[in-house]
1. Within 15 Å, Cβ to Cβ, of D200, how many net charges do the neighbouring residues add up to if Lys/Arg are +1 and Asp/Glu are -1?
2. Could you please report the charge total around G212, scoring K, R as +1 and D, E as -1 over all other residues with beta-carbon less than 13 angstrom from its beta-carbon?
3. In terms of the Cα gyration tensor, with a ≥ b ≥ c the square roots of its eigenvalues, is the stretch 202-277 rounded because a/c is under 1.5, prolate because a/b exceeds b/c, or oblate?
4. Averaged per residue, what accessible surface does the stretch 123-277 expose to a 1.4 Å probe, in Å²?
5. Beyond a 23 Å Cα-Cα separation, which of these cross-linked pairs lie in this structure: K99/K180; K117/K180; K78/K180; K99/K188?
6. Please give the per residue accessible area of the stretch 26-89, computed with a probe of 1.4 Å over protein heavy atoms only, in Å².
7. Report in % the part of the accessible area of the stretch 155-277 that belongs to carbon and sulfur, leaving out ligands and nucleic acids; probe 1.4 Å.
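The values are calculated or read from the model by the stated rules, or taken from the named source; none is laboratory data. This structure is a prediction, so every number in the text was calculated from the model and none was measured. Using ideal geometry, Cβ is built from the backbone for each residue, glycine included, and neighbour counts are taken over all protein chains shown. Just so you know, the surface numbers come from the protein's heavy atoms only, side chains and all, with ligands and any DNA or RNA stripped out. Shrake-Rupley method; radii C 1.70, N 1.55, O 1.52, S 1.80 Å.
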Amino acid sequence: MNALAALAAGWGCAERRHSECGTAGFYSEEVDAYLASYVGMHGNPAAPIWLCDITPNTDGKSLTAPLNPLHGPVVWDKYFRQRNQENMMHWQSHQKAAKLISSARSAAFGAEACDWKHYFMHHLYGPSGGEFRISLFPLRTGANGNRCWARVYRNQPVLNPQSRYVSLCRTGGRFRFIAKLRQRMQPKVIVCIGACHADDFLRAFEFSNARGTDAILQPADLPVRLQVFTKDNTTLVISPAFGGVVGLNSDVLLNAMGRFTAQWLAASEFPSPLEEV
């Protein structure tokens, strides 16, 4: 089951409980304006490396009033880290991101790989850090993201069925906001995680007409296929997911992916020396 299918699992859930969204439905324009903002984004938009996936990140939101667009991303400053210290070691996806980014940074500097755990705990997604992360579809279900979509958003006609929400992101303000942000900030590399969602990545960043080539990542026995596109001085790399049998499921592969990414990066583009936040 792919990630979007997993998100959609439970559309037909029959159990009815009080919705986390309250009893009043939001207008389509309100939801669209909210999604066309920094919701579901972490780190520094001016960073040379962007990461993108389709699933909500740790701050994935269920809708609550008032529905105000976010005017900046979540940054992992010292206050964020203090509040979330106990939870951070459970954030597997962000830990894998730290392994990839720390490897890319070390390769760009021509240095030995730095300790990814230290990078994760003290530097990842910092206010002036070297990376920025985007979730294409940022809304989640419940406090842990594991409840039935149809139940959580049952009072939100604009979001039900879930395919309507996905369509709103694709054709409404969400993808346009992401495309304009990419055009304005011009990251060096965008690593898109999840090859089965290539069309969404290309559409969100307006790379649909860019010419692509294949690359093979093979630090061990099994080769991993990557798709590489270039447009406006930005390289977009579509990789397998961070898990699964054919995904970037080992430290060896994540480190190799970081080194592969580093070919488009220069040491001068990273904050140096690293400052703990």
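1. Details: positive: R170, R174, R176, R182, R203; negative: D53, D199, E206.
Once positives and negatives cancel, what remains is +2.
2. Details: positive: R211, R225, K231; negative: D199, D214.
Net charge around G212: +1.
3. Details: a/c = 1.89, a/b = 1.06, b/c = 1.79.
Oblate, since a/c reaches 1.5 and b/c is not below a/b.
4. Values: 6830 Å² over 155 residues.
Value for the stretch 123-277: 44 Å² per residue.
5. Numbers: K99/K180 28 Å; K117/K180 33 Å; K78/K180 29 Å; K99/K188 19 Å.
K99/K180; K117/K180; K78/K180, as the Cα separations exceed 23 Å there.
6. Numbers: 2890 Å² over 64 residues.
Roughly 45 Å² per residue, with all protein chains present.
7. Details: 2970 of 6010 Å².
About 49 percent, which is the carbon plus sulfur part of the accessible surface.
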